[in-house]
Every structure is written in C-alpha cells, then in structure tokens.
Amino acid sequence: MKRIARTVSDEELLTAYCQKKDKEYWRVLYERYMPLVYGVTLKYLKRPEDARQAVVCIFDDLMTKASVESVPIFKSWLYDYVRDYCWKELRERFADLSVTLDENLAEFCDGFNIDFIRGDAANERVLQKCMESLPEKQRISIRRFFMEDRSYKEIEDSTGFPLKLIKSLVQNGKRNLKLCFEKKEIV
C-alpha cells in the first residue's frame, strides 16, 4: 500500500485517480470528506442508517462520474452532488406519501356546522338566502358537498371542475356562508 502525502490537493488526487485508475487516490478523498458527507446527508435525511447508506452510494456514484466530468473544484462538486442526492432521496421518499383527512374535518374544526343550521326552519331560510349570495361555482360545490353528501371526486366528475378548485370552492364557500350568518347574527 503506497503512502499518499496528506498535502496533496483534492484536485491532484482526483486527476491522479482519473489518469491511473488507482483507487488508493479515491480512498484518500473518501477519508478526507466522508465525515463532511455523512454530516450533510444526516442533516437532510435525518436517520443515521439512511445517511450511512447515502455516503456509500454517493462515493460509488462519484467514483464513476469523476472519470467523465470536468471537476474544477472537488469540494464544491462534492457538496453539490451530496445536496442533489439528498433532495432526490427525499422526493422519492415522500412521492407516494399522501395525507387523507376526513372531508368533514374542516367543518368540524371551524365551529360552523351546516347540518346544525339546517335543523332549524328559520336558519334554513337564512341559509337559502346566504346560498343565493354565493358565486355560482361556490354554490354548486357547497350544495353538492354538504347537502347532497357528495365527495370531492364525485363533484369533480359531475361538474368538470378540477379537484383543487373544488376544495377551494368548498372552503371559501363555507367561510362566506359563515360570514353571511354572522352578519345576520344567527351563529
């Protein structure tokens, strides 16, 4: 095993590795930067086992890339690659993560309950007047969601409105109904 002087620059080590294909030069770079790479990956990925795995993958990937890419400053190139690798891992980790909330959770949380209002004849009349004051798309979405007990997907299928728009229409429509009721001092 040959000794490589610690004073050799990163760029000289990389050039020697690329020219001679001697992994001993790469090992010196690995030993020099492994703690830094581990710290950065741990910062992004949070779990030590994921960070350790990332370090191995990153140095394996870079060993191949070093031969084909021009690397003016090794440390900057390494840091950029580590950061991009971590972002890619996080995107993949959370790509299939979806949060499913009960569609009635928003109604429960804000203290305004349309079903409670619908139980009283006087309130029902006020509700109808307030519904008439809503913009058409809000009125349609509110009616189908609360009064016809349809899901967002069912509303999307029947109206052609995009799902995100429907959620916004329901939320804003409900807020507008609540404001209308507060003006009439019913709620």
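The values are calculated or read from the model by the stated rules, or taken from the named source; none is laboratory data. Predicted, not measured: the structure shown is a model, and the values here were computed from it. We place every Cβ from the backbone using ideal geometry, glycine too, and count neighbours over all the protein chains shown. Each accessible area value is taken on the protein alone, full model and side chains, heavy atoms only, with ligands, DNA and RNA left out. Shrake-Rupley method; radii C 1.70, N 1.55, O 1.52, S 1.80 Å.
Filter the trypsin sites (Lys or Arg not before Pro) in the range 25-85 down to the DSSP loop ones having no more than 15 other Cβ atoms within 10 Å, then list what survives.
On the way: sites: R27, R32, K43, K46, R52, K65, K75, R83; in loops: K46.
Here the trypsin sites (Lys or Arg not before Pro) that fit, given the DSSP loop and packing criteria, are K46.
Reported to the nearest whole Å, the Cα centre-to-centre distance from the range 43-63 to the range 133-187 is 47. For the set K23/K46; K129/K167; K20/K65; K137/K178; K43/K65; K43/K75, the pairs lying more than 26 angstrom apart at their alpha carbons are K23/K46.
Ranking of E49, E136, E156 by solvent-accessible surface, largest first: E136, E49, E156 (1.4 Å probe, protein heavy atoms only, all chains present). By a 1.4 Å probe calculation restricted to protein chains, D149 has an accessible surface near 120 Å², given to the nearest 10.
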